[in-house]
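Accompanying notes for the structure given below.
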Amino acid sequence: MTGKCKIEDCVAPISCHDGCEDYRNCENWIANNSEKKEESAKPSTVSKKSNLSWSGEPLKINELHLVSNRSSPIVIGIVGKADAGKTTFLAMVYTLLLGGKRLKDYGFAGTKTILNWDELHCRLEVQKEKVAFPDPTSVGFNRLLHFALRNKEGHLQDVLFADASGEVFYLWSQNCDDENAEIARWIYSNSNGFILFIDCADLIERKNLAKTEILDIAHMLTHDLKKRPVVSVWSKSDKKKEVHPKIRKSLHAELQGLFSNYKEIDISNFLIPGPDEVVHINNLEVIDWLMSKIMTSSAEDLILTRPNINDLFLNYKSR
Ligand SMILES: Nc1nc2c(ncn2[C@@H]2O[C@H](COP(=O)(O)OP(=O)(O)O)[C@@H](O)[C@H]2O)c(=O)[nH]1
Ligand SMILES: [Mg+2]
């Protein structure tokens, strides 16, 4: 048997440094076959360390510099009660883009949260018959998912989707200072636009109770909204016809009365008979509409009024 001793000065197999009669029984002796085993075991124990500054997982608030160091990202707040279909909506948007569908004014130009997008996409695929997503954990959870988008002029725009646990929005809608609603407050103050979820299944089951809870959240949204756009999505709209017509109409009218920069869109993850709009078109239309509103309002904000067009100093442009 060939091999070697771990101790450098040992002359085994001639004689054992530690005085063992049979050098093969010495704990320092490494036979060739076991050495090979050790070597082949090595790669699995050495973890591959990435040189990237980002991991592909959802960004945390204290990691926003990873995106904001190259542009001012747009934040889209996903607002609604638990189980309303918020996370599934994000999974569907990514799945549609992956499948070749396109946003109206933007091309997909990358993401720093690829692992999480892929995880959402895989779950949606695996569970085609029954879309089931566990609500992500605690009220302290804030998932920031990233898309880099490129407009037709070639400019890059980073977008972050803030997807928190639905529980925090309920707490926030009941008391905006609730100590467990910190994430909802962050999303509210930092978002450039909002997607408000109207859960058709909940409206069918809990009727006016569900409606009141949606309106509570909507009222809270109006509090310091300014010109920020809100799109209400009737999620699980494969069931919208089963929502009592009175509830449907009154909720629509009340929401319409609350917001000015506003639109309603039906979305679903299940194909319904007839022209397929709710899945393949409407889910992306939500992003299209919000992006167009957000980008126009920020362009408006940037228009400067020159007090004096003849003022040489104010009108000076360096060459
Ligand atoms: N009927 C129907 N149910 C849906 C649809 N999308 C999601 N669901 C159901 O709604 C549940 C909650 O979805 P999820 O995205 O986790 O809600 P979240 O808590 O708001 O993030 C899932 O378990 C699905 O069973 C849909 O398009 N139609
Ligand atoms: Mg969720």
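What follows is calculated from the coordinates using simple rules that are stated; it is not laboratory data. Nothing here was measured: the structure is a model prediction, and the numbers come from that model. Cβ coordinates were reconstructed from backbone atoms using ideal geometry, including for glycine residues, and neighbour counts include every protein chain displayed.
Just a few scattered comments:
- Here A31 and E179 are evaluated by their C-beta separation; at R0 = 51 Å the FRET efficiency comes out at 0.20.
- Flagged links, alpha-carbon separation over 31 Å, of K81/K101; K112/K239; K60/K246; K152/K249; K240/K293; K249/K293: K112/K239; K60/K246; K152/K249
- Geometric extent, Cα atoms of region 70-109 - Rg, Dmax (angstrom): 12.6, 35
- A Förster distance of 30 Å, applied to the separation of the beta-carbon atoms of K249 and N190, puts the FRET efficiency at 0.35.
- Estimated inter-spin distance, H65 and E153, nm [label 7 Å along Cα→Cβ]: 3.0
- Ordering of 190-202, 19-31 by burial proxy (mean other Cβ atoms within 10 Å per residue, highest first): 190-202, 19-31
- Projected label distance in nm at E8 and L209, using a 7 Å step from Cα toward the beta-carbon: 7.6
- More than 34 Å apart - percent of Cα-Cα pairs taken over region 61-298: 9
- Judged by the mean number of other Cβ atoms found within 10 Å, the most tightly packed of the peptides 104-117, 251-264 leads the ranking 104-117, 251-264.
- The order of the peptides 223-232, 159-168, 210-219 by mean Cβ neighbours within 10 Å, most packed first, is 159-168, 210-219, 223-232.
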